[in-house]
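K.L.:
I'd like to ask some things about the structure below.
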Amino acid sequence: MSDVGSIKSRISGSVRSISAYSVPRIECSVRLDGNESPYDLEGEEKAALSERLAKLPVNRYPDPEALGVRTSLSRAVGFPVDGILLGNGSDEIIQMIVEVFGGKSGRVLVPSPTFSMYRITSLILGKQVTEVELDENFDIDLEQTLEAIRAQDPDIVFLATPNNPTGNSFSEEKVLEILEASGGAVVVDEAYCDFSKKSYIPHIDKYENLLVLRTMSKIGFAGARLGMFFAQPQVAGEVNKARLPYNINSFSQDVMSFALESPEVIERKISLILSERERVRASLERIEDIHVYPTDANFFLVRVPDADFLFEELVKNDILVRRFKGEGRLANCLRITVGTREENDRLTQALVGIFSS
Ligand SMILES: Cc1ncc(COP(=O)(O)O)c(C=O)c1O
């Protein structure tokens, strides 16, 4: 058998230097760790979708361009169909963008802290990643970011707004200044825009370098893995070259069509999450030892005296939240997704119990 060390030496240093993105599987019945929607489709909705999926010819490849779904999405969003791409989650679109921009020695700029897949994907694809710390309010540090753009001329800047894991939206004027100052692509990731009700899609007309991402994952369809990309058609055409054939399977295409035909189902659940968000905010703020950061998303970042202790205590209460490895800005922070009314009540009861004992 060959020496494992020798085969590892053929793997690039940047891949070996990073840890894999891993989602720990801890079985808890209240899952507030993944920023998913807590609401599955209900009885009749689920039956209608199942009936539709049952009719799919499983022996056939899916529509390679997902044209039917992209056309419906184009109508729903009011955006030209040839500027829209779909991905197997926005994760896949992030990968396509990183592949296409900048070539082998490409440079990627990301704020910190932010969604970790920008960095992981960039390093795996051999790019140089620069991180610029967010300011004390977790907003963009404009001066430092513009300085980094001037010094390094990055091929891609990633900005998630609202940002994960901090929850806040970035100031619009700062995002627009970055768009003006960047020669490379500026990816505005709107994974949580359904909760902030703000979008940069209307700016795409003006900025050739603006690429907007969205996802169905946070509004009830995480299992179908559906990410969306919007940009000027000539930019979409280039990114599309990195898309694997048939990347959206038939089942997911049908789920997306179903979702686009039932906007009221989605909207009703978003409204429920938004009103629950206010209840969760109020109950978290009543606990003296918890610092609650402002959020525009479907989750809260909180700082507590001992995040590991609280995480374990919540698991004992059958509640899973997200904790972060390491120190830095996220030391002693936990991220808590807004759940159903019952789940949120269980969270509050558990927290009150833990902090009063
Ligand atoms: C900011 C941000 N972008 C992208 C994603 C990935 O979404 P998807 O499920 O569409 O791959 C996430 C998931 O948590 C996210 O927080």
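FYI, it's all coordinate maths here, none of it is from the lab. Just so we're clear, the structure is a prediction, and the values are computed from it rather than from any experiment. In this analysis, Cβ positions are derived from the backbone assuming ideal geometry, glycine residues included, and neighbour counts consider all displayed protein chains.
K.L.:
Take the residues of the stretch 221-240 that are in a loop (DSSP other than H, G, I, E, B) and surrounded by 23 or more Cβ atoms within 10 Å (Cβ to Cβ): which is farthest from the ligand (Cβ to nearest atom)? It would help to see each step written out before you state the result.
P.N.:
Filtering the stretch 221-240 down to residues in a loop (DSSP other than H, G, I, E, B) leaves 221, 225-226, 231-232.
Next cut, surrounded by 23 or more Cβ atoms within 10 Å (Cβ to Cβ) only: 226, 231.
Working: Leu226: 7, Ala231: 16 Å.
Filtering the stretch 221-240 for residues that are in a loop (DSSP other than H, G, I, E, B) and surrounded by 23 or more Cβ atoms within 10 Å (Cβ to Cβ), the one farthest from the ligand (Cβ to nearest atom) comes out as Ala231.
K.L.:
Out of Lys55, Lys46, Lys104, report the one residue that is of a type in the set (D, E, K, R) and closer than 19 Å to Ile248 by Cα. Quick ask: steps written out before the conclusion?
P.N.:
Details: Lys46 fails: closer than 19 Å to Ile248 by Cα; Lys104 fails: closer than 19 Å to Ile248 by Cα.
Just a single option satisfies the conditions, and that option is Lys55.
K.L.:
Only residues in the stretch 94-114 that are under 17 Å from Arg243 (Cα atoms) count as the first member; pair them with residues that are assigned to a loop (DSSP other than H, G, I, E, B) and within 15 Å of the ligand (Cβ to nearest atom), Cβ under 7 angstrom, at least 6 apart or cross-chain, and list the lot.
P.N.:
As it stands, the answer is Met96/Arg243, since those pairs meet every condition given.
K.L.:
Does the stretch 95-128 hold any residues that are assigned to a strand (DSSP E or B) and surrounded by 22 or more Cβ atoms within 10 Å (Cβ to Cβ), and which are they? Steps first, answer last, please.
P.N.:
Taking the stretch 95-128 as the starting set, the residues that turn out to be assigned to a strand (DSSP E or B) are 107-112, 128.
Val108, Leu109, Val110, Pro111 - these are the residues of the stretch 95-128 that are assigned to a strand (DSSP E or B) and surrounded by 22 or more Cβ atoms within 10 Å (Cβ to Cβ).
K.L.:
Right, another one. Give me a count of the residues in the stretch 270-307 that are among the charged types (D, E, K, R), assigned to a helix (DSSP H, G or I) and in contact with a helix residue (DSSP H, G or I) (Cβ under 7 Å, 6 or more places away or on another chain).
P.N.:
First, the residues of the stretch 270-307 that are among the charged types (D, E, K, R): 276-279, 281, 285-286, 288-289, 296, 303, 306.
Next cut, assigned to a helix (DSSP H, G or I) only: 276-279, 281, 285.
Within this subset, residues satisfying the condition of being in contact with a helix residue (DSSP H, G or I) (Cβ under 7 Å, 6 or more places away or on another chain) are 276, 279.
Here the count works out to 2.
K.L.:
Select from the stretch 202-218 the residues that are assigned to a loop (DSSP other than H, G, I, E, B) and more than 16 Å from the ligand (Cβ to nearest atom) and list them in ascending order. Walk me through how you get there before you give the answer.
P.N.:
Applying the first criterion (assigned to a loop (DSSP other than H, G, I, E, B)) to the stretch 202-218 yields 204-209, 216.
If the condition is that a residue be assigned to a loop (DSSP other than H, G, I, E, B) and more than 16 Å from the ligand (Cβ to nearest atom), then Ile204, Asp205, Lys206, Tyr207, Glu208, Asn209 are the ones that fit.
K.L.:
Then there's this: Is there a residue in the stretch 163-172 that is among the small types (Gly, Ala, Ser) and on the phi > 0 side of the Ramachandran plot?
P.N.:
Within the stretch 163-172, the first condition is being among the small types (Gly, Ala, Ser), and the residues that meet it are 167, 169, 171.
Remaining after also requiring on the phi > 0 side of the Ramachandran plot: 167.
Checked against the condition, which is being among the small types (Gly, Ala, Ser) and on the phi > 0 side of the Ramachandran plot, the stretch 163-172 yields at least one hit.
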